[in-house]
Structures are given as structure tokens and as C-alpha cells.
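**Q** Below you'll find the structure I mean.
The values are calculated or read from the model by the stated rules, or taken from the named source; none is laboratory data. This one's a predicted model, so the numbers in the text were calculated from it and none came from an experiment. Glycine gets a Cβ as well: all are built from the backbone with ideal geometry, and neighbour counts include every protein chain shown.
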Amino acid sequence: MTLLHTILSSRVAALRSAETLLWPAGTLLTPEDVLVAGTSLADLGRTVGTPALWSDGVPEAQGVPGAPGRRVVLVVQVEAVVPPLHRPSEAWVDAELEGCSALLTAVRLLGRAGSARTTRYRLRPDRADALPGLVRLPVDLRRHDLLAIPCLAPVALEDVAR
């Protein structure tokens, strides 16, 4: 093993570990899925429906929010993708996002490996158009795709459902 290989592999490992810090403990990020405590969030979205919440290894199908300080993951479905017209593309999702303190830098596509090329999207709808940031997602994002969105604040399912 060369010194260059060692440096590059340690850099990749550091980037991966930094990315997983944004997710609940025990999260494994794969090209096609996010596994939290061994459970597939893609499968959760397909079986329970969307929007769905996951908090510290417990699916919250009844809408009971987690305790303060817990990481929550929101699984949503893309309802429409609007191409850019002199502004970023828009991905319309089936949940209201402003109440969950979404970590937009960590949003992941679920259920399939998207294109390696990414573009910026504004996630919608949000009631007040209040989400300040954009997300980077594959350029081939399409209707019915599932997204996993890590959130900082505990939230009830009824607060994000439309």
C-alpha cells in the first residue's frame, strides 16, 4: 500500500463518517438505501406509506414524536419534479417540511441508485416557502421516488402530513 493510497482512503473514510453523524446512531448509508438500526427506510416508505417518520430505531406510525434531542428521519415521496426556469429545479413532496428542522445537506434518494450527476432542487411544498436551502439530488429524480430527510427536531406525523 502506498502513502498516497493511505491518504486517499483515510480521506474517504473521514467523509463517510462525517456524513453519518447527521443521521441517527447505527445508520448505514448505501447507494440505494438508508438503513437505520438494520431497517430499510426504502422498505418503510413502501410498506407504511409516506410521509413516514423514524426516530431512534422506532417507526412512528402513530404520530407520537420522539423525545427531545433525538434524531428523526422523515421519508417522503416525490409528487412532481419541475424543471428549472431561470431558478433551481423543484421537487414537490408529500409532506410539509418547515416544522421538522430538516438537514437539507443530507437528503438521500431511496430505493434506487440515481445518476452520478446531481443538481440543486428546492423541496416543496412548505407552507411559508421558508426552507432556506437547496438539496443536491440526482438529475434523474422523478415522480414516485422516495427521499430520506434527517431532521434535528422531534416532530409528530400529523405536523408533516398534508
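**Q** Mind counting the residues in the range 1-32 that are within 18 Å of Val72 (Cβ to Cβ), of a type outside the set (Phe, Trp, Tyr) and modelled with pLDDT of 85 or more?
**A** As a first pass, look at the range 1-32 and keep what is within 18 Å of Val72 (Cβ to Cβ): 19-29.
Next cut, of a type outside the set (Phe, Trp, Tyr) only: 19-22, 24-29.
Subsequent filtering for residues that are modelled with pLDDT of 85 or more retains 24, 27-29.
Residues meeting the conditions: 4.
**Q** Can Ala91 be described as in contact with a strand residue (DSSP E or B) (Cβ under 9 Å, 6 or more places away or on another chain), of a type outside the set (Val, Ile, Thr) and closer than 19 Å to Arg162 by Cβ? Let's see the steps before the verdict.
**A** Details: in contact with a strand residue (DSSP E or B) (Cβ under 9 Å, 6 or more places away or on another chain): yes; of a type outside the set (Val, Ile, Thr): yes; closer than 19 Å to Arg162 by Cβ: yes.
Yes.
**Q** Quick one: in the range 123-148, of everything that is closer than 19 Å to Leu53 by Cα and modelled with pLDDT of 95 or more, which residue is farthest from the chain's Cα centre (by Cα)?
**A** His144
**Q** If you check every pair at least six apart or on different chains, which have Cβ atoms under 6 Å apart with a residue in the range 119-142 that is closer than 18 Å to Leu85 by Cα and surrounded by 13 or more Cβ atoms within 10 Å (Cβ to Cβ) first and a residue that is at pLDDT 90 or above and aromatic (Phe, Trp, Tyr) second?
**A** Arg124/Trp92; Val135/Tyr121; Leu137/Tyr121
**Q** Let me ask something else. Which of the following residues is modelled with pLDDT of 90 or more and not in a strand (DSSP E or B): Arg112, Arg87, Arg120, Arg70? Break it down into steps so the answer makes sense when it comes.
**A** Numbers: Arg87 fails: modelled with pLDDT of 90 or more; Arg120 fails: not in a strand (DSSP E or B); Arg70 fails: modelled with pLDDT of 90 or more.
On inspection, the qualifying residue turns out to be Arg112.
**Q** Cβ-Cβ below 7 Å, separation at least six or inter-chain, first residue in the range 28-44 and farther than 14 Å from Trp54 by Cα, second surrounded by 13 or more Cβ atoms within 10 Å (Cβ to Cβ) and at pLDDT below 90: which pairs?
**A** Partner pairs satisfying both residue conditions: Leu29/Glu19; Leu29/Thr20.
**Q** Evaluate the range 101-109: report whether one residue or more is farther than 17 Å from Pro51 by Cα and in a strand (DSSP E or B).
**A** no
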